[in-house]
1. How many residues does region 608-637 hold that are within 18 Å of GLN557 (Cα to Cα) and either among the β-branched types (Val, Ile, Thr) or in a strand (DSSP E or B) (or both)?
2. List the residue pairs whose Cβ atoms are under 7 Å apart, where the first residue sits in region 266-286 and is within 14 Å of MET357 (Cα to Cα), the second is among the aromatic types (Phe, Trp, Tyr), and the two are 6 or more positions apart or on different chains.
3. Take ARG330 and decide whether it is farther than 30 Å from SER49 by Cβ, at pLDDT 90 or above and surrounded by 15 or more Cβ atoms within 10 Å (Cβ to Cβ).
4. Any idea which of ALA135, ALA189, ALA150 is in contact with a Lys or Arg (Cβ under 7 Å, 6 or more places away or on another chain) and surrounded by fewer than 23 Cβ atoms within 10 Å (Cβ to Cβ)?
5. For the condition polar (S, T, N, Q), more than 22 Å from GLY90 (Cβ to Cβ) and surrounded by 15 or more Cβ atoms within 10 Å (Cβ to Cβ), what is the one hit in SER639, SER610?
6. Taking region 363-403 as the region of interest, how many residues are within 27 Å of TRP451 (Cβ to Cβ) and either among the β-branched types (Val, Ile, Thr) or crowded, with 18+ Cβ neighbours inside 10 Å (or both)?
7. Looking at region 61-76, is at least one residue within 13 Å of the chain's Cα centre (by Cα), closer than 27 Å to GLN538 by Cβ and at pLDDT 95 or above?
8. Select from region 155-213 the residues that are of a type in the set (D, E, K, R), under 26 Å from TYR230 (Cβ atoms) and in contact with a helix residue (DSSP H, G or I) (Cβ under 8 Å, 6 or more places away or on another chain) and list them in ascending order.
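The values are calculated or read from the model by the stated rules, or taken from the named source; none is laboratory data. Source: prediction; values computed, not measured. Neighbour counts run over all protein chains shown; Cβ positions are idealised from the backbone, glycine included.
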Amino acid sequence: MLRLFLAMLITSAFLSPVIAQAQEDWLAMEADYFSEIPQVSSATRLNQSLLDTPSSITIIDRDMIESSGFTQVADLFRLVPGFQVTYATGYHPVVNYHGQSDQYPGRLEVQIDGRSIYRPSLSSINWSFLGVELADIERIEVVRGSNAPAHGMNAFKASINIITRQPFEVRGNHLEASIGDIGTRMVTARHAGSLDEFDYRFSLGYQRDDGFDDRFDGKHVRQLSFRGSYNPTPADHLDLQAGYTEGDNGVEGDDAFVAPFHSRDVDSHFQSLRWTRALDGGAEVVTHFHHNRYRDNDEYAMQGPLSTLLGVAPAVVPLLFDGQSDQVLRFAFFDGMAERYDLEVQYTPPTGDRGGMVVGAGTRLDRRDSDWLLNGKGTVEDLSGRLFGNAEIQLGERLKLNAGAIIEHNQMVGVFGAGRLALNIQLNPAQVLRLGAGYTERSPSLQGNNWNYYSQFNDGTRLEALRVTPGSLEPEELTTYEAAYVGQWPATRLFLDLKAFREEIREGLLSIRDPEFPDLYGVDGSAIVVNGSRIDTQGFEGQIRYQHSTANFVAFQFSLADSHTRYQRSVNPASYRDRDDATPAQTVSLLASRKFSNGIQASAGYYRISDMLWLGEGDFVEEYDRFDVRLAKAFRFDSSRLLVELIGQNLGDTYEEYRHENDFDTRVFLRASLSNW
């Protein structure tokens, strides 16, 4: 860490004379295409340039979204330094930062237009049922580092804000269709218009595919979303959003006996209302209410009675199981309803000469209801509250301090919180060195704190504990340190972001086997949830982007990381194990795009993840290199535009995603979209 920091300082020292000599030229080019440094708000809730933020931020803009050729939203995060994307099944993408992830990563906040979509059920994101279309995304802001002081405990390691296109930006009609390998069929339809002062957008989407070859993991997704924008007075703006998503996906079993192949049904809906009021002097008050509701059902029964499973006579079953008759066993892992109500108010006073600040408060009700996963507990709820504040303070001509903190309280662990400090040292108007540190606590999720998952006889009698939370859990703890360099050269349209980091996680939550909760098959006992891991990760990551014009750019992202984990293996007696392979040593991506004089746009992507162990039900997966290409041609007819795209993914050897049986081979797609204004 220290050597990386010194190397960055030395590099900056060598560059400073060159930068100083060119400074006057840069200042004279403020009107140049790329001279404006992007403004973001996800890190502190304040509108800041990338040179002023307390954390490293990656922006995936509309050009990158289109040029990537990706058909799934989750795949876009392959373009973010330090992020790993994989598919636990064909319908279940996994997105994670700095490894250490099972199929349900729970340390990442994801928002859509500021609305948290983090589920209180399995403490993660269902990326296949987001309720947003790729064509509706304007850009994505990714804060690479703990962002809890701005957005609460879910932003433990990083945060994502998916920002959709405003209705007035896409007025007219848009129709898009895709076909391709693995039985892919996708359709998106959008209409946006206005009624007096009210702008609106309706989007309708359908998606289906067959998942991985030789696996029963395909999906069908149907979704409808609405966004409305209204200015009742010059000082007031209302943003209204709502949506509904439903579908199903295949869940594998086995042909022999135990679990049948079956479908998991999913439906969800949300409502969001954001009221922004401008006050005198430039102050602002934002009130935001949103509601999310998810429902899952994948209940299934074994394909034969218990006697067949155990290989005994039916008359023996009552002797083994306390008088129970020989009957089938029933299971369900995705089951029940998860619901969230959230109300938040934030106030931004007028910005002064010495900086700006934002303060706010919020309350949240999470509710979980599951006959299976909370067996015997009924509905569980958690009411929480939070107070937060972030400030940007100009200490001198070249020094800027960012300070942020949040205090939260819930019914599971009581009071917990997070704090962050970052000092930005301006080397010249276009380059900054940043030093930062932070501490974050993350409460266990509502489901994680209340596991009570049993298999059952067909008559409803509980048989064995599959996963339980035997006692109260403590918050996870994260301490972070970073040294970063951010620079931009308007004359050459070059942007550079480098970061050296160290992360220390304590009291990490994990599931381990405990013989005191015996399982039916007599393996090592059932899974219990405990605070049983500590993880130290350090490394160096960054991004380089050269933007010649809108359609011509090169973006390179990389992460080099070293991680050490010590985790608990058993409870009684307590035993521990060390491992260093759950964070990949290298994560690399490169996306290049060019538009030729004949109107054809060509883009290519390269993606690499080195050897990595995926936790949970995952495997140790060997390194892979993936190459994607996209060719596109636009045709214009009066007020209409037809875009035809040919997309090739993984034009090389087959590689494995998450598990050895998930073979990702070459896939080809044809996509066409018609827009009129």
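1. Here the count works out to 8.
2. Hits for this filter: VAL285/TYR347.
3. no
4. Values: ALA189 fails: in contact with a Lys or Arg (Cβ under 7 Å, 6 or more places away or on another chain); ALA150 fails: surrounded by fewer than 23 Cβ atoms within 10 Å (Cβ to Cβ).
Only one candidate qualifies: ALA135.
5. Exactly one residue qualifies, and that residue is SER610.
6. Residues meeting the conditions: 15.
7. yes
8. Matches in region 155-213: ARG165, ARG190, ASP199, ARG201.
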